[in-house]
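The values are calculated or read from the model by the stated rules, or taken from the named source; none is laboratory data. It should be emphasised that the depicted structure is a prediction, and the values quoted were computed from it without experimental measurement. Don't worry about glycine lacking a Cβ; one is built from the backbone with ideal geometry, like all the others, and counts go over all protein chains shown. The area values use the complete protein model at the heavy-atom level, side chains included, leaving out ligands, DNA and RNA. Shrake-Rupley method; radii C 1.70, N 1.55, O 1.52, S 1.80 Å.
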Amino acid sequence: MNRVLSYALGAMLGLCLGSTHLKAQSVYGKVSDEKGEVLFGVSVFIEGTTLGASTDGNGFYKVTLKDSGTYTVVFSYLGFITEKEKVTLKKDQSLEVNKKLKEDKQVLGETVVVGYGVQRKREVTGSVTTLNSDQINDMPAPSFEAMLQGKAPGVQVIVGSGLAGSGSVVRIRGIASLSAGGDPLYVIDGIPVTQDYFLRGNSGGMNNNPLATMNPDDIESIQILKDAAATAIYGSRGANGVILVTTKRGKSGKLKIDFGTRTGISLPTQRPDMLSGPEFLQLYQEAWENDGNVGLAKLPGGVTWEQASKTNTDWVDQMIGVGMKQNYHLSASKGNEKFTFYTNVSYDDNGSYLKGNSYQRLSGRFNFDYNLNKNIKIGANTSLSRGQNNRVNAGWAGGLGAAMSTALPIYPVRNEDGTYFTGGTNPVRTQELFEWRTVENRAINGVYMEYYPIKNLTVRLQGSYDYMDITDRTYEPKELINSSHDGTAREYPNWVNNYNTIATANYNLKIKRLHNFNFLLGSEYQRSVYRSRSIEATNMSGPLWNTEANDSFTTVFNNPKQVSAFLSYFGRINYAYNNKYFVQLAARVDGSSRFGINYRYGFFPAISGGWIVSNEEFMRGYRWISFAKVRASVGRNGNASIPNYQRFGTYSPPENQIQYNNQPTTYPTRLENPNLRWETSLVSDLSIEMGFLKDRIQMELGVYNKNTKDVLASLAVPKSTGFSNYWDNVGAIVNRGIEFSATFHVVDRKNFKWTIITNAARNYNEITSIGVYSEDAVSGGTNDTRVVVGSPVGTNFLVPFSHVDPQTGKPVYIDINGNQTTTWDPADRIPVGSVLPKAIGGLTNTFRVKNWEFNMLWVYSIGGNIYNSSSKRQLGVVTDWNMTPEIFDRWREPGDVAAYPRLTLQTQTYGSGTPWINTTLYLHDGTYARLRNLSISYNAPEKFAKRLKLHAIRAQFIATNILTFTKYPGLDPEIARDFEDATDRNMSPNIVYLTPPQEMTFNLGLNLSF
Amino acid sequence: MKNIALYSLLGLLLLGTASSCNKLLEVTPEGETLVEDAIQNKEDLQKLLNSCYDVMANSMNGRTQLFNELMGDNLDRPFNNDDFREIYTRSSNFFNSSIGGLYGDFYICVYRVNILNKEVDKLGDVTENDKIQFLAEGSFLRALAHFELVKLWAQPYGYSADNSHPGIALRREPSQEPITRSSVGAAYAYILDDLNYAYANLPDTKIGAYASKDAARALLAKVYFQMNNFEQAAKYANEVLSNGRYPMSSSINRFDNDSAASEYIFTFISTSNTDNRAGAFIENCRSDNNATPQIRLSEEFYNLINQRATDRRKQLVQVANPGTENEFYAITKFNKDYFSLPYLHTTEMKFIRAESYAELNQNLSVAISDMNEIMDRAYGTGVVNLNPGAQASEIITAARNERRLEFFCEGDRTQTLKRLGAKDGNVQIRLAPWNCNGMVLQFPISETTTGFQLNPEGGCN
């Protein structure tokens, strides 16, 4: 019927046109897809001319030509393969050319995982960056999230440190939270996974990394959702972005087996340089004499000068070695119409350059999908992994941190009689005697059933269970704790059971070819139960992992169970008109157990739209523009990532152990806040996507604005209230920024390809209100990062250092009124520096020459500051800390112009009662560019592989972090210290404190496909 | 049919979650008691009161005493504790977490007392007598907390003529609102109000471990003495000494609970080494099992206590590592695993009565007797005594000298010097004026709310 109508209309149109151009030639006809459905808006033009037309609603077109002759008619339609047809027109001839276009699977078929489903990439109206498995697995890293660095615009990844298993700080479009978790929400195969970084606090100078057990080899793709349109469907928890991880699943085809191995070494990016024994003694004596003392200085640790002069221990050497790495993985996948499966088993031994430190991960995965019948599909994904972190102390806790601080070169490792030196810090003694393992067992499992009751309707039920079990075990032998009985073993098990159920219904509605609707309706419930315990066993001859405890010497303390729950309802409508115009409406209602009944539910709507401009008629003349799309969104999302139960006012448990004079007690423990509510952000985004020269050049430019209010904060309330902290919604934060990414296929020949991928982003962050509270109400603790209205979250709040007085050698500061002073007064602190870089980005160059591939990833950060919090002791008042050689540029006598003040043992010389003073003297430009990854790969010729009965062979050399350009005088410009809590993590991303530098690695790899 | 199945399924899904949504999200904490369930009866209230004693005991476990002492002249520079060194150099700032911790603990006690006052009227099983007893004990503890707070965080009573100089935040009821500092005069008035209530309502019996009328008397004597109000100080000291319930012990070490307990008027109780209310003393001063104690005596004090060969109190100090580079003057007074901490005791009452009478030039024979009793214990009977006809000024001199020797490391010396500075002026403490800025501790950073005036810093050489 349609066909008849269209021909009739076409004929009428032809007649009509014919009547006005009686003598003209023309080409006319109908364009449809392979199934015969007419296509509206197909661009039909005559090659080499500006003549052309678009198909109408019935797929009909007509192009009129002045002259007879031979022409090439081009049929172009986004998402379909462009077709050409040569025609010869005689004078006054009207030639019918009907065309069936084939879908371009590469464009139309490219899908993007979004919340609770997938969308065609071109139809996505939100800001989503997709990374595939090749981009993720191109280098070894302590944890998979570190591999995102430099690969996605607007995503700042600060790798924690060189410690094995170390986590990264990931910030998507800045930071919009103060005390609520500021990390993106990680969703693995639809499961918002447990991502608590503080289950073990910052013991040992490291936060646990809940993502470390994730095997990067299992990852098929990662989608980073950035704006409200993309994150709205995760409304309550999308305020800081969402990272969707999709694991590999089987594909149709024969059994495919892959084996890969990689081995390598780990070294520090830079070795800490500390004073030698003679240098330390010289400087210590100089400080002593500067203070007006005579004779020899009293040395720290009770060491005599005679002993000290004979000792020159390089503690850094004692702590650092060459870490060994090895990785093996074996995977298999297969699929047919009935089922698909993917399975993988891998072992990773990731040794760091710190002696005794490694992270070993054994993991297995099995994913399968099974079509029960044409209406029902079931599937499951299960992963089991065990991560064993062989821990060492670092940072403030000791180890290399001690070698950079209180382990003085005048201390020996051992006394003359062979016993350990115990007069001062001896990290070797601790490291050799103290045993420490953290073992994490993790299982992330999900099952689903999809039911297709009618055409285009999918009902999906999914249940997931994320089990996390982290147990810290330590052992201190009697020699270490100076005890008369045997040693002490401790065990701190933590269990998190995270249950998640999702029910969704998804319906596609197509009205002709023009109107495509997708409706999604769903609900989700998540419940997380956390348990922990502490066990201490004395009289132990070994650690609890291999020694049985005697009950009579064992105390067990069970911490109270903690439960949190989320209940959500959500809906989404996607509308696409003629593959050119796209609109999405999404809304989610979230309830959280963390908020009281009056504020329990939050409503998070978003609207967004996209327009593929290049599909428009008026763009036909710009053939060099292969793709152009504009999209915009506005919406609201939120954050509820705070500790449980903060809304309740509480007292101690009835059975509490605190007694006075053997009498029981009860006492208030927390202030009530029934008004605690969601932190919400209003986010808007405008982006342009462009493709040029048949997509040889692809670009994307986006701007965004995020206004966050009711910011959740753990406030330091006046202690005179009887409490120290209180959770409340205070203040507001704004983030705005610009992001750019581009791909250039510079050369695209058969035997030589050169591709450049680059991205850059700039984020502006500002606290616009902090209510009635002072700068110190929310703080990054000892780092002196604070909340200052008009400055970014976690700005460095420091006393400005002016210069060293050439006459006295004393440090001169600037007081709050701008006057010079030699008194360090915290009341003179001001916001200084730039906690956030002015720009971050990455640049990837890939060259493929025949079977060789050469890949380089540079990452950079421009304009941010780093505060070296350890410098106040390494370059400040002379104490029981070793110092760094920069101190050689110090004042010695009147007239000296020096970088650092006179040496002194007295804090008053520096105008303070304490050596723990933060000033701008230790705030540095953290600009850097780093060759993050360099790899050379060789793909063996197919014939060679076949000779070995293999499908493919690939050998690789990978080096990471081998070059860094920076003016930062410290160890590594790209690290962040361990954090005390979520507030500190949000506020202190640019602080280092005795933090081990990142590792530099060299690796060889081999991949075989069977 | 398919549609029916579909709609049923969808309906069930939505209903299943929606109907029970609030129940699914009602999660209450385990291991804690909700505020509304906490104080249900008299027993609960008693537990709350016990917790007030508990937190006060922890505040007075040596921290308060040593922080006072660090600003004075009895001690040398602490071994390596930066927080302590800041106090010692009289340059504390609002980052000092040790100071902040102590400050907060006092106010935890105040908060709990204020809660107790609020809850006491709500309980059916609390009689009027019970109520008065609860309120009186609470008042005693709140007064004690405010008294120690105002001594450490404000210039002394008498620093300004009308005592209008900044004092402390006075919390009269539980509230989360930031408040500003009241004057020192207002702080002392509040302390006296509380103590007078306690005095009027506490039982007049020997109790020791809890507040009693005698404890209120002794604390009133102490407060008035600190205010240089000798008449009232003498009155209350005399009252408590006259009832004969607390005979002075013969022990030179008041912290030896076995031998000195007879003179304890009010004590913070330790029951074992895991329930030790003298932790800060032992942790920082103990020298028999610690080669590097934080707290060491000044050379001046060591020489002072060794001035008289017969002074038995010499046993409470010793030279550590004599003749070596690491020689220091150690304290042996606290060389125990744990001990109960006498806060109010006969020895101090005798000092207060003797000096007050001497200041008033009244009852000098009683004053002389008090001093001689103390000196007999220290030097041996009759070895060093005041003459029966000693002048008031001699009594005062003896009282002040002996007081320093008797109470070293107990925080008394610094407050004595500040009191005398306020009274007489021209008192130097380690070469700095008694009223220099650093002689009071800085408030913790949490107090920096609008209108709260921090203490000025520095100025103590």
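Could you tell me which numbered condition B:Asp337 fails, if it satisfies all but one of (1) buried (at least 18 other Cβ atoms within 10 Å of the Cβ); (2) in contact (Cβ under 8 Å) with a residue 24 or more places away in the chain? Of (1) buried (at least 18 other Cβ atoms within 10 Å of the Cβ); (2) in contact (Cβ under 8 Å) with a residue 24 or more places away in the chain, only one is false for B:Asp337: (1). Residues in the range A:896-937 that are away from chain B (no Cβ under 14 Å), open to solvent by 50 Å² or more (accessible area, probe 1.4 Å) and more than 30 Å from the chain's Cα centre (by Cα): A:Val897 only. For B:Lys47, indicate whether it is open to solvent by 20 Å² or more (accessible area, probe 1.4 Å), more than 10 Å from chain A (Cβ to nearest Cβ) and at pLDDT 95 or above. In short, no. The combined condition, being modelled with pLDDT of 85 or more and of a type outside the set (D, E, K, R), is not fulfilled by A:Thr20.
Do we find that A:Ser523 is within 13 Å of another protein chain (Cβ to nearest Cβ), small (Gly, Ala, Ser) and over 30 Å from A:Tyr651 (Cβ atoms) in this structure? Talk me through it step by step, then tell me what you get.
On the way: within 13 Å of another protein chain (Cβ to nearest Cβ): yes; small (Gly, Ala, Ser): yes; over 30 Å from A:Tyr651 (Cβ atoms): yes.
When the stated conditions are applied, A:Ser523 passes them.
With respect to A:Asp218, is the statement that it is open to solvent by 20 Å² or more (accessible area, probe 1.4 Å), touching a residue at least 60 places away in the same chain (Cβ under 8 Å) and more than 15 Å from the chain's Cα centre (by Cα) true? Reasoning before the result, please.
On the way: open to solvent by 20 Å² or more (accessible area, probe 1.4 Å): no; touching a residue at least 60 places away in the same chain (Cβ under 8 Å): yes; more than 15 Å from the chain's Cα centre (by Cα): yes.
So A:Asp218 fails the test.
Yes/no matrix, rows are residues, columns are (1) farther than 21 Å from A:Met139 by Cα; (2) in contact (Cβ under 8 Å) with a residue 40 or more places away in the chain; (3) assigned to a loop (DSSP other than H, G, I, E, B); (4) more than 14 Å from the chain's Cα centre (by Cα):
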position: A:Ser177; (1), (2), (3), (4): yes, yes, yes, yes
position: A:Gly182; (1), (2), (3), (4): yes, yes, yes, no
position: A:Gly204; (1), (2), (3), (4): yes, yes, no, yes
position: A:Asn209; (1), (2), (3), (4): no, yes, yes, no
position: A:Ala232; (1), (2), (3), (4): yes, yes, no, yes
position: A:Thr246; (1), (2), (3), (4): no, yes, no, yes
position: A:Ile265; (1), (2), (3), (4): no, yes, no, yes
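Return the pair list, or none, for Cβ contacts closer than 6 Å from residues in the range A:562-583 that are closer than 14 Å to A:Lys512 by Cβ to residues that are at pLDDT below 95 and among the charged types (D, E, K, R), at least 6 apart or on different chains. Pairs that qualify, where the first residue is closer than 14 Å to A:Lys512 by Cβ and the partner is at pLDDT below 95 and among the charged types (D, E, K, R), are A:Ala576/A:Glu123. In the range B:108-131, of all residues being under 18 Å from B:Leu202 (Cα atoms) and away from chain A (no Cβ under 11 Å), the one that is nearest to the chain's Cα centre (by Cα) corresponds to B:Asn117.
Just one of the numbered conditions (1) open to solvent by less than 50 Å² (accessible area, probe 1.4 Å); (2) touching a strand residue (DSSP E or B) at 6+ places or on another chain (Cβ under 7 Å) is not true of B:Val35: (1).
Hey, among the residues in the range B:435-448 that are facing chain A (nearest Cβ under 7 Å) and open to solvent by 20 Å² or more (accessible area, probe 1.4 Å), which one's nearest to B:Ser183 (Cα to Cα)? If you could, list the steps in order and put the result at the bottom.
Restricting attention to the range B:435-448, the residues satisfying the condition of being facing chain A (nearest Cβ under 7 Å) are B:444-448.
Checking the rest, the ones that are also open to solvent by 20 Å² or more (accessible area, probe 1.4 Å) come to B:445, B:448.
On the way: B:Ile445: 20, B:Thr448: 17 Å.
Top of the filtered list is B:Thr448.
Of the listed requirements (1) among the hydrophobic types (A, V, I, L, M, F, W, C); (2) more than 14 Å from chain B (Cβ to nearest Cβ); (3) under 30 Å from A:Gln646 (Cα atoms), A:Ala716 misses just one: (2). For the range B:166-244, the helices (runs of 4 or more DSSP H) that sit wholly inside it and include 1 or more residues that are of a type in the set (A, V, I, L, M) and within 13 Å of chain A (Cβ to nearest Cβ) are B:184-201.
In the set (1) at pLDDT below 95; (2) surrounded by fewer than 22 Cβ atoms within 10 Å (Cβ to Cβ), the condition left unmet by B:Asp76 is number (1).
Considering only the range B:256-276, state which residues are open to solvent by less than 10 Å² (accessible area, probe 1.4 Å) and either in a strand (DSSP E or B) or in the same structural domain as B:Ser51 (by TED's automatic domain parsing) (or both). Listed by number, the residues that qualify are B:Ile265, B:Phe266, B:Thr267, B:Phe268. Once the range A:549-562 is narrowed to residues that are surrounded by fewer than 18 Cβ atoms within 10 Å (Cβ to Cβ) and in a strand (DSSP E or B), the residue that is nearest to the other protein chains (Cβ to nearest Cβ) is A:Asn558. On the stretch given as the range B:79-107, residues that are within 7 Å of chain A (Cβ to nearest Cβ), touching a residue at least 24 places away in the same chain (Cβ under 8 Å) and open to solvent by less than 30 Å² (accessible area, probe 1.4 Å) total 9. Candidates in the range A:640-688 are the residues that are under 30 Å from A:Thr129 (Cβ atoms) and open to solvent by 20 Å² or more (accessible area, probe 1.4 Å); of these, the one that is nearest to the other protein chains (Cβ to nearest Cβ) is A:Ser641.
So which residues in the range A:808-831 are of a type in the set (A, V, I, L, M, F, W, C) and in contact (Cβ under 8 Å) with a residue 40 or more places away in the chain? Result: A:Trp824, single match.
Mind checking which residues of the range A:322-379 are of a type in the set (Asp, Glu) and within 23 Å of A:Gly190 (Cα to Cα)? Explain how you work it out, then say what you get.
First pass over the range A:322-379, keeping only residues of a type in the set (Asp, Glu): A:337, A:348-349, A:369.
Within the range A:322-379, A:Asp369 is the sole residue that qualifies.
The set of residues in the range B:107-134 being farther than 16 Å from B:Asn41 by Cβ and not in a helix (DSSP H, G or I) is empty. Given the condition in contact (Cβ under 8 Å) with a residue 24 or more places away in the chain, open to solvent by less than 30 Å² (accessible area, probe 1.4 Å), of a type outside the set (Phe, Trp, Tyr) and in contact with an Asp or Glu (Cβ under 6 Å, 6 or more places away or on another chain), answer yes or no: does some residue in the range B:140-159 qualify? Yes, because at least one residue in the range B:140-159 is in contact (Cβ under 8 Å) with a residue 24 or more places away in the chain, open to solvent by less than 30 Å² (accessible area, probe 1.4 Å), of a type outside the set (Phe, Trp, Tyr) and in contact with an Asp or Glu (Cβ under 6 Å, 6 or more places away or on another chain). As a summary of the residue check, B:Asn284 satisfies the conditions (1) in a loop (DSSP other than H, G, I, E, B); (2) surrounded by 14 or more Cβ atoms within 10 Å (Cβ to Cβ); (3) in contact with a Phe, Trp or Tyr (Cβ under 8 Å, 6 or more places away or on another chain); (4) among the polar types (S, T, N, Q) except for the one numbered (1).
Please tell me if A:Arg636 is touching a Phe, Trp or Tyr at 6+ places or on another chain (Cβ under 9 Å), open to solvent by less than 50 Å² (accessible area, probe 1.4 Å) and part of a strand (DSSP E or B). Let's see the steps before the verdict.
Working: touching a Phe, Trp or Tyr at 6+ places or on another chain (Cβ under 9 Å): yes; open to solvent by less than 50 Å² (accessible area, probe 1.4 Å): no; part of a strand (DSSP E or B): yes.
For A:Arg636, the condition - touching a Phe, Trp or Tyr at 6+ places or on another chain (Cβ under 9 Å), open to solvent by less than 50 Å² (accessible area, probe 1.4 Å) and part of a strand (DSSP E or B) - is not met.
For A:Thr795, the conditions (1) closer than 18 Å to A:Val711 by Cβ; (2) open to solvent by 20 Å² or more (accessible area, probe 1.4 Å); (3) away from every other protein chain (no Cβ under 14 Å); (4) among the β-branched types (Val, Ile, Thr) are fulfilled apart from (2). Number of residues in the range A:487-515 that are among the charged types (D, E, K, R) and open to solvent by less than 70 Å² (accessible area, probe 1.4 Å) equals 3.
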